[in-house]
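Asks: Dumping the structure here so I can ask a few things about it.
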Amino acid sequence: MSQLIEIKINESSRIPKYKQIVDSVINDVSKGKLKIGEKIPSINELSESCYLSRDTVEKAYKILKEQKVIISVKGKGYYTAKTDLISKIQIFFMINKLSSYKMMIFNSFVNSIGINGHVTLSVYHCEESIFARTLEKNLGAYDYYIIMPHFKTDDSNHVSTTSIVQNAIEKIPKDKLVILDNDKLEIKGNYGAVYQDFQEDIYEALSKGVDKFRKYDKLVLVYPFKSVYPYPKRIVHGFRKFCSKYNFDFEILNEVYDDMDLDSKDIYVIIEENDLVNLVRQIRKKNLTLGNDVGIISYNDTSLKDLLGINVISTRFKAMGESAADLVLNNKKEKIKNIFEYIERNSV
C-alpha cells in the first residue's frame, strides 16, 4: 500500500504546480516523513487526490526520478530512492557577484545536485579580503568548495588572483576544490575546473559572424574599464585580435554615451546591460534600423535578448553548472572548457 503524501498546492502561488509537488516530496524525504524505499502514490492516485492534471503529476515524477529522489519499479509503482542515492554532500559555493548570469550557473548547479547535496552560497563582491576571511571561516566544514575567482585591484581593474587569494585557496584540499568560470590561477595539485577562455572565446565567436560584419564600417567594443565588478581584460585582447586578423576598423569605448553619433554604419559589441539598453533607446529615438544602420552584439545571453532578437556571444551558463555538478557527484578532477558560441538573431 502506498504512503500518503501530504502535498499542499497553493493555487495563488506563481510557482508551477509540478514544482510544488517536487519540493513537497523532497521536503518529506529530507525530514524523514517519507522513509527510504517506501511506496508512494501512483500518478493517477496523486492526480485524483490533489485535483491535478495527470500531466502535471507526471512532469513532477519525471523530475524526481532524474534527481534520484524516487525510482519506478515496473508493475509495482513508485518508491523513494535507496539511502545510497541520497548521500548529503555539503558544498560551499563562492561567487563574485549576484548577477543574472552567475545565478544561472548556481541554479543549474543546485538543480543538478538535487537531493544529493546541500549547497551554501557566499558572495564576496570581487573583494580579496572578504573572500579570504569567508573561506578561512568555512575551511574544513564542507565536502566541496566551488569557487568563481574574479577580483579587482584598487583602481577597479580585473584580476584573476592575488597573493592573498592564492594563499587562501591553497589551504583547500585539492580533491575538494572545483574552479568555475575563470581558471587563470596558479594552483598546485589535481582539482576540477569548468572554465571560459575569455580571449580565445570572443575571438572564435566573432569569427563565425565575420561575413555579415563586413557591411559595417567599424566595430566598436563597449568595455567598462572601471567597474564595481570588472570584466577580464582578455575580452579586449580577443576583440583586438579579431579586428586585426580580419582587418576591421575598430574603436573601444568605456560606455555608451548619451546622444552618440550613430549616423555611421557601426556594429557595437556590448558588455553591460545598461549600455545595451541605452544604445537601443538611442537607435529607436533616431529612427534608425537595428541590424541595418546599426548592429549590436551583446555579451552573455539572456531570455530577454532572445525575445528582442539581439545577437549574442555567450558561454552556456546552464552547461557550466551541470558540468560542475557532474565533477562533484562523480568525484572527477577534469579541466573542462565550457562551450562559448555566437548566436545569430536579427540585430546584425
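Asks: When the chain is modelled as a GNM with alpha-carbon springs shorter than 10 Å, which of S156, S12, S129 fluctuates the most?
Replies: S12
Asks: Mind pulling the per residue volume of the convex hull built on the Cα atoms of the range 95-185? Å³ is fine. All intermediate terms of the calculation are to be shown ahead of the outcome.
Replies: Working: hull volume 8.7 nm³, N = 91.
Per residue, the Cα convex hull of the range 95-185 comes to 96 Å³.
Asks: Oh, and also: I need the semi-axes of the equivalent ellipsoid of the chain: take the C-alpha gyration tensor, multiply each eigenvalue by 5, square-root it, list largest first in whole angstrom.
Replies: Working: eigenvalues 369, 152, 54 Å².
Calculated on Cα positions only, the semi-axes equal 43, 28, 16 Å.
Asks: Please work out the Kirkwood hydrodynamic radius for the range 193-348, using every pair of different C-alpha atoms, and report it in angstroms with one decimal place. Can you show the working numbers first?
Replies: Numbers: mean 1/r = 0.0611 Å⁻¹.
Final number for the Kirkwood radius of the range 193-348 is 16.4 Å.
Asks: Same structure again: Using the crude model of +1 on Lys and Arg Cβ and -1 on Asp and Glu Cβ, and no other charge, please compute the dipole size for the range 225-290 relative to its Cα centre, in debye to 20. Mind dumping the intermediate values first?
Replies: Values: 11 positive and 11 negative charges, 72 e Å.
With only Lys, Arg, Asp and Glu charged at Cβ, the dipole is about 340 debye.
Asks: So, one more: Kindly report the accessible area of the chain per residue (heavy atoms of protein chains, probe 1.4 Å, no ligands, DNA or RNA), in Å². Show your work: numbers first, answer last.
Replies: On the way: 17200 Å² over 348 residues.
Per-residue value: 49 Å².
Asks: Another question about this same structure. Rg and Dmax of the range 145-199, Cα atoms, in Å?
Replies: Using the Cα atoms of the range 145-199, the pair Rg, Dmax is 11.3, 35 Å.
Asks: Now for a separate question. Any idea what % of Cα-Cα pairs in the range 298-339 are farther than 15 Å?
Replies: Of the Cα pairs, 51 percent sit more than 15 Å apart.
Asks: Report the extension gain between K318 and K337 in nm, rounded to one decimal, defined as 0.36 nm multiplied by the number of residues separating them, less their alpha carbon distance. Working shown, then result.
Replies: Values: separation 19, 0.36 × 19 = 6.84 nm, distance 1.36 nm.
Stretched out fully, the K318 to K337 stretch lengthens by 5.5 nm.
Asks: Translational diffusion coefficient, Stokes-Einstein: compute it for the range 1-142 using the Kirkwood radius over C-alpha pairs as Rh, at 37 °C and 0.692 mPa s, and state it as an integer in µm² s⁻¹. If you can, show how the numbers build up before the last one.
Replies: Numbers: Rh = 17.1 Å.
So the translational diffusion coefficient is about 192 µm²/s.
Asks: Whole number please: convex hull volume per residue, Cα atoms of the range 190-241, in Å³.
Replies: Details: hull volume 5.8 nm³, N = 52.
In the range 190-241, the Cα hull volume divided by residue count equals 112 Å³.
Asks: How large is the Kirkwood hydrodynamic radius of the range 116-166, counting all unique pairs of alpha carbons, in Å?
Replies: 12.0
Asks: Compare the peptides 30-39, 288-297 by average per-residue count of other Cβ atoms within 10 angstrom and give them in order, highest first. Kindly include the intermediate steps, with their values, before the conclusion.
Replies: Working: 30-39: 13.6, 288-297: 18.6.
In decreasing order of mean packing, 30-39, 288-297 become 288-297, 30-39.
Asks: Right, next: Using a 1.4 angstrom probe on heavy atoms only, work out the carbon and sulfur share of the accessible area of the chain in %.
Replies: Solvent-exposed carbon and sulfur of the chain make up 48 percent of the total.
Asks: Another one. How would you order 318-331, 52-65 from highest to lowest mean count of nearby Cβ atoms within 10 Å? Mind dumping the intermediate values first?
Replies: Details: 318-331: 19.6, 52-65: 17.8.
Those peptides, ordered most packed to least, come out 318-331, 52-65.
The values are calculated or read from the model by the stated rules, or taken from the named source; none is laboratory data. Being a predicted model, the structure only gives us computed values, none of them experimental. For neighbour counting, all protein chains shown are included, and Cβ atoms are generated from backbone atoms with ideal geometry for every residue, glycine included. In case anyone asks, the SASA skips ligands and DNA or RNA and just uses the protein heavy atoms, side chains included. Shrake-Rupley method; radii C 1.70, N 1.55, O 1.52, S 1.80 Å.
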